[in-house]
Amino acid sequence: GENVEQHPSTLSVQEGDSAVIKCTYSDSASNYFPWYKQELGKGPQLIIDIRSNVGEKKDQRIAVTLNKTAKHFSLHITETQPEDSAVYFCAVYSSASKIIFGSGTRLSIRP
Amino acid sequence: EPEVTQTPSHQVTQMGQEVILRCVPISNHLYFYWYRQILGQKVEFLVSFYNNEISEKSEIFDDQFSVERPDGSNFTLKIRSTKLEDSAMYFCASGQVSYGYTFGSGTRLTVV
């Protein structure tokens with residue numbers, strides 16, 4: 001089955017700096033790669049996604065890049081703000097019926 | 001913005017008891033899912049449901065688990081005889097297509 005590896009598990013950055021979270025996956029047939037943000041006590045919230053027919057997608061301060069050949073994709077957050085502090089999960093659309101999550105990255109923004 | 005609604009937000013039950021977790025998916029969605037998250041760990045797939053039947057289930061989803069869509073609006077997860085290791089956050093999700101889910105806020109199940 002699909003295996004999704006996510007790094008780092010924790011990340012602390014100075015407010016205003018950039019944060020990068022990386023994921024790799026195993027199934028070359030995977031074609032949809034969402035990123036979720038989870039705040040304390042809440043469910044995962046989709047923040048950005050990318051399909052396999054594009055290499056990069058940007059939405060304001062958030063961007064995702066995809067390298068299908070290498071089977072890895074990354075989340076980039078620029079100009080980080082305190083409200084960016086949360087746990088971030090990458091995910092891979094594994095089959096017609098499920099999304100597989102990475103292990104999560106706890107992002108802390110230092111004032 | 002449409003939401004996936006889950007009730008209760010917190011459920012405490014004794015080991016061996018049955019629990020039913022309830023979800024109201026977004027009204028025009030066709031795909032429904034249950035995931036769980038043990039404290040501090042990743043979100044794990046349990047089951048997907050489409051066209052009134054299970055599409056796929058994980059090894060976690062054994063005979064103690066069942067899902068049902070009893071009417072046009074609710075989607076439930078039943079655990080017949082709860083174990084201590086069933087303690088987790090359970091998330092319902094729904095989607096209009098088979099990806100791009102919307103998650104609910106979860107039910108925290110505590111088995112004592």
Legend entry - All positions within the stretch A:83-105 that are polar (S, T, N, Q) and outside any loop (DSSP other than H, G, I, E, B): A:S94, A:S95, A:T105
Inset, instruction - Determine if the stretch B:4-13 includes at least one residue that is without any contact (Cβ under 8 Å) to a residue 60 or more places away in the chain and among the β-branched types (V, I, T). - result: no
Inset, instruction - Read through the list (1) within 30 Å of B:I54 (Cβ to Cβ); (2) more than 11 Å from chain B (Cβ to nearest Cβ); (3) part of a strand (DSSP E or B), then give the number of the only condition that A:S108 fails. - result: (1)
Inset, instruction - Just give me the residues in the stretch A:78-103 being open to solvent by 10 Å² or more (accessible area, probe 1.4 Å), of a type outside the set (S, T, N, Q) and modelled with pLDDT under 95, in sequence order. - result: A:Y93, A:A96, A:K98, A:I100
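A quick yes/no check of all residues on (1) more than 28 Å from A:S103 (Cβ to Cβ); (2) open to solvent by 70 Å² or more (accessible area, probe 1.4 Å):
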site: B:H10; (1), (2): no, yes
site: B:I20; (1), (2): yes, no
site: B:Y33; (1), (2): no, no
site: B:V43; (1), (2): no, no
site: B:F61; (1), (2): no, no
Inset, instruction - Quick one: count up the residues across the stretch A:4-43 that are of a type in the set (G, A, S), at pLDDT 95 or above and surrounded by fewer than 17 Cβ atoms within 10 Å (Cβ to Cβ). - result: 4
Legend entry - Failed criterion for B:Y99 (all others in (1) open to solvent by 60 Å² or more (accessible area, probe 1.4 Å); (2) more than 15 Å from the chain's Cα centre (by Cα); (3) in contact (Cβ under 8 Å) with a residue 24 or more places away in the chain hold): (3)
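The values are calculated or read from the model by the stated rules, or taken from the named source; none is laboratory data. Nothing here was measured: the structure is a model prediction, and the numbers come from that model. Every residue, glycine as well, gets a Cβ built from its backbone with ideal geometry; the counts of neighbours run over all protein chains shown. These area figures cover heavy atoms from the full protein model, side chains too; ligands, DNA and RNA do not enter into them. Shrake-Rupley method; radii C 1.70, N 1.55, O 1.52, S 1.80 Å.
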